[in-house]
Structures are given as C-alpha cells and as structure tokens.
C-alpha cells in the first residue's frame, strides 16, 4: 500500500503550528522527512508514529482518571511563590546609610 506524503505547510496546518516549528523538528531529527532538492515531504505514517509516540494522555485501557498526576509530572517538588525583597524604611531625618542629615 502506498503511503501519502505531506508538505511542511500541510503538517503545520493539521497541527495548528507555525511552519518553522515543523522545519525545526525535521532539522532536529524529531520528524523524519524526505528532501527532494529544496522541497521537503513528510510521510503520513511517519507523522502518525511521531504523534503517537509523543502523546502523553492516559492509556486507552485505563479510565479517564488514569495517567500521571501533576505531582508526578513535576517530580513531586512543590513550587513556591517568590517573596518580594525587603524594603528599607528610612526615617525622615536619616539618610539611607543610617546617618542623620544633620552634619
């Protein structure tokens, strides 16, 4: 059975991505492609395989709630909110270095 070939533009449109993103995947070796001169073609079966390998949803045999939790995804490390740096409060008759304005 013959495999259909897609252009970079077609793949980008299907996945709602910028064409440059698809080209980057090809250049990085993440997406196999056939180069014919300056033209690039992607086999539909290669695209399907790459997408299936990258899919991180729950396995079909497990329920809707199966799959990794957010804690698993982040490695269990809690993320905290950064505290703003302390603000120096200066009395009206003092300079920032602590000396008084009177000389």
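Within the range 1-21, the residues that satisfy the criterion of being surrounded by fewer than 14 Cβ atoms within 10 Å (Cβ to Cβ) and over 19 Å from the mean Cα position of the chain (by Cα) are 1, 2, 3, 4, 9. The set of residues in the range 10-39 being assigned to a loop (DSSP other than H, G, I, E, B) and on the phi < 0 side of the Ramachandran plot consists of 17, 18, 30, 31, 32, 33, 38.
Quick note: the coordinates plus some simple rules give every number you see, no bench work behind them. Quantities reported herein were computed from a predicted structural model and do not represent experimental measurements. Note that we place each Cβ from the backbone using ideal geometry, even for glycine, and neighbour counts take in every protein chain shown.
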